[in-house]
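The values are calculated or read from the model by the stated rules, or taken from the named source; none is laboratory data. Values in this document were obtained by computation on a predicted structure and should not be read as measured data. Heads up, the Cβs are rebuilt from the backbone with ideal geometry, glycines too, and the neighbour counts pull from every protein chain shown. Ligands, DNA and RNA are excluded from the accessible area calculation, which covers all protein heavy atoms including side chains. Shrake-Rupley method; radii C 1.70, N 1.55, O 1.52, S 1.80 Å.
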Amino acid sequence: MTSTVAAAGSKDLGPARVPLLALGVAAVLAVPLAAVIGEAATAPVVADPGAFVRWGILYTRVVHDLAAAVTIGLLVHAAYLVPETTRTNRRLIATRLAGIAAGLWALAGAAGAALTMADSIGIPLTDPAFGQQFTTFAWSYEPTRVALITAGVAAVISLGALVANSRATMAWLSLLAVLGVLPLALAGHAAGATDHSTAVNALAVHLVGVTVWVGGLLALALLRPLLADGYDFAATASRYSTLAGWCFGAVALSGLQSALIRIGPLSDLGTRYGVLLLVKTAALLLLGYAGWRHRRSLLAGLRAGRSTAFLRLVVVELVVMGIAMGTAVALARSAPPVPDTAVDDPSPVFALTGYPDPGPLTGDSWLTSWTTDWLWLSLAVVAVGLYVAGVQRLRKRGDAWPLHRTVVWVLGWAVFVYATSGAPGVYGRVLFSMHMVMHMVVAMLVPLLLVPAAPILLALRALPARPDKTWGPRELVLQVVHSRLLKVFANPVVAAALFFFSLAIFYYSPLFELALRTHTGHVLMMVHFLLTGYLFTWVLIGIDPGPKKWPPLMLLVVLFATMSFHAFFGVVMTGSSTLLAPGFFELVRLPWMTNPLGNQHEAGAIAWGIGEAPTVILTLLVAVAWVRTDRAETKRKDRQADRDGDAELAAYNAHLQELKRRNERRQ
């Protein structure tokens, strides 16, 4: 089946090879020029691995990035964008081609790992010692470890895409492919930048934006022969155009942030690194203009069956994208004007966290301490912006939306930003007690504000439905809401177990220290805190559509049991004589904090104390929901009685009369 579909797809997609060649040739030709300008392939003074390794890294990365983009683009089109009929198999062809591209992605990633190791130790691949060096240090050296992880993910995607038949599997593979490029942000300039966290976050967003943007456009060109002129091609192109607009914004903002980290004064734009950066900027502006042309005039022509001008512009765009990708590969190997080791801070705090010592915690620190975490700030801004846009869409068509829901949504994200960028976030990197404050706010207070805003209900009311049964945003929300997986996680017992037991496991395992020491661990920790807290609160007081709710009495039992375990956790931590995460708190050695175990006891008291207020509020809200449910049920029964003449009561009385007659006959 797979070979048949691939062969049919290869035959049908023959004319679409021109865009692929345009992108690949442009990228390959851009590499040597950009490498010469940025001295990306210049031989080092000592330990030169040879020209094959130095140039091989660049060209292997080009193949790697192109293959990753094609994989992601094809899977996104298959899962979300391309219409299908009973007489077509477009999704299947796109998925099989994605499997082939993912295989190339995996091979390029493995080759890149070998070349990176040879470059780092300064020996050619043919050196007899290389094999032993690679097997010994490949996993401990972060750039090669990242390359191997990405190659492994690509191999899994390849195998999955070659056998996938359902759209749900295609959607999961597209998500896995996007996640597969994220580890690449941990290598390169971002890994050693002065502002490590911001640089890694910016590069991660940049990589995702570029791969989805470039891959989506190339996939659209590749699938063009399968999409007849008219609705199908116009609808697919229009959906991709919207997605490309989001990618453009993400790439532009993340690129600007990365440039500000690596470029000092404006005069640095005249350096070799600055020249390459200007080339990328010019390419971005040209692509932005092309996208504007698509939206303004060419998409309307597609609906009328006129696609020639559109396809010509697509080829030009792909050439510009290829130049930008080739330049970016060389840029990643060029020395930035701002050295990656610019900050000279010998303190253990900076060595362990990447941030300077914030100084003693005072009363003023709660208001004055601030280090913007751009990742969470951006998430909050996007969440608030989308919510407000949804409310405005409802109001434009005359539908009402309660103001208090918008207020609590905005307030919830404002509290989240304070918890991650304000004093809890700043001091939570070095103090156990403040870390617990941040945890409790994110996991308990923030969900208490976000859940009553009913974002799922708003999305289902505001988002338009697609007429061709593809999975747009609204359809995707419905798939999640009615999925079997959500039914499992939305079980109150499961949600409560995730909320509490993950808390205990996190703090009493190496995961806590990993989150304190590493940026990836910290991000995953924050995501986990927010999701488990939101899920637990949602099953208790959520009004969004979803799995059937438990009776309020049972919800109160689950709530009290969970909070009892939560309080017990705080009491145990308060009386503990063993320091948690000793490899961090014993080494950080804050001059103004000499008793880390005492601070841990404070953290336990905070976990115990802060949990009380949300528990009371949740109890009241569940009780209010209970009363509302009873009232609604009473009104429903009254309306039914009015319609059928109180048939239920009459039937009950008749049943009693029948029982009475039976009893009299027996006597």
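Heavy-atom accessible area of Phe565 with all protein chains present, probe 1.4 Å, nearest 10 Å²?
The value for Phe565 is about 110 Å².
Hey, what did the chain get for relative contact order, percent, Cα under 8 Å, at least 6 apart?
Relative CO of the chain lands at 14 percent.
For the chain, what size does the Cα cloud have along each of its three principal axes, sorted from largest down, in whole Å?
On the principal axes, the chain reaches 108, 73, 47 Å in Cα extent.
Rounding to the nearest 20 debye, state how big the charge dipole of segment 287-405 is about its Cα centre with +1 on each Lys and Arg Cβ and -1 on each Asp and Glu Cβ.
Its charge dipole is roughly 1560 debye.
Taking only protein heavy atoms and a 1.4 Å probe, what accessible area per residue, in Å², does the chain have with all protein chains in place?
Roughly 47 Å² per residue, with all protein chains present.
Taking the simple approach of a point 7 Å from Cα along Cα-to-Cβ for both Val315 and Ser483, what is their distance in nm?
Between Val315 and Ser483, the label points sit 4.1 nm apart.
Per-residue ellipticity at 222 nm for the chain, helices alone: DSSP H runs ≥ 4 residues times -39500 (n - 2.57), over residue total, nearest 500 deg cm²/dmol?
Mean residue ellipticity, 222 nm, calculated: -24500 deg cm²/dmol.
Run the accessible area of segment 63-117 with a 1.4 Å probe and give the carbon-and-sulfur part as a rounded percent.
The computed percentage sits at 70.
Could you pull the accessible area for Glu142 with a 1.4 Å probe, rounded to 10 Å²?
For Glu142, the solvent-accessible surface is approximately 70 Å².
What FRET efficiency comes out for Ala335 versus Ala300 if R0 is 60 angstrom and r is the Cβ-Cβ distance? Round to the nearest 0.05.
After rounding to 0.05, the efficiency reads 0.80.
Listed highest first by mean packing, meaning other Cβ atoms within 10 Å per residue, what order do 567-575, 131-139 come in?
For the peptides 567-575, 131-139, the packing ranking is 567-575, 131-139.
So for the chain, taking the charge dipole from beta-carbon charges (+1 Lys/Arg, -1 Asp/Glu), which of Leu590, Trp550, Pro265 sits furthest toward the positive end?
Checking the options against the dipole of the chain, the answer is Trp550.
Compute the length gained on full extension between Ile505 and Asp544: take 0.36 nm times their separation in residues and subtract their Cα-Cα distance, giving the result in nm to one decimal.
11.1 nm
Relative to the Cα centre, what is the charge dipole magnitude of segment 169-287, using +1 at the beta carbon of each Lys and Arg, -1 at the beta carbon of each Asp and Glu, and rounding to the nearest 20 debye?
The dipole magnitude comes to about 140 debye.
Largest first and in whole Å, what are the equivalent-ellipsoid semi-axes of segment 194-276 based on the Cα gyration tensor, each being the root of 5 times an eigenvalue?
The equivalent ellipsoid of segment 194-276 has semi-axes of 35, 13, 10 Å.
Please name which of Gly103, Trp172, Val156 has its Cα lying farthest along the dipole of segment 60-200 towards the positive end, using unit charges on Cβ (Lys, Arg +1; Asp, Glu -1) and the Cα centre as origin.
Trp172
Probe 1.4 Å, all protein chains in place: accessible area of Val493 in Å², nearest 10?
Rounded to the nearest 10, that gives 80 Å².
Kindly sort Arg395, Arg61, Arg466 by accessible area of their heavy atoms, largest first, with the probe set to 1.4 Å.
Putting Arg395, Arg61, Arg466 in descending order of accessible area: Arg395, Arg61, Arg466.
Give, in nm to one decimal, the length gained when the segment between Val25 and Leu579 is fully stretched (0.36 nm per residue of separation minus the Cα-Cα distance).
Stretched out fully, the Val25 to Leu579 stretch lengthens by 193.6 nm.
Give the angle, between 0 and 90 degrees and rounded to the nearest 10, that separates the Cα long axis of helix 596-610 from the longest principal axis of the Cα atoms of the chain.
Roughly 40 degrees between the two axes.
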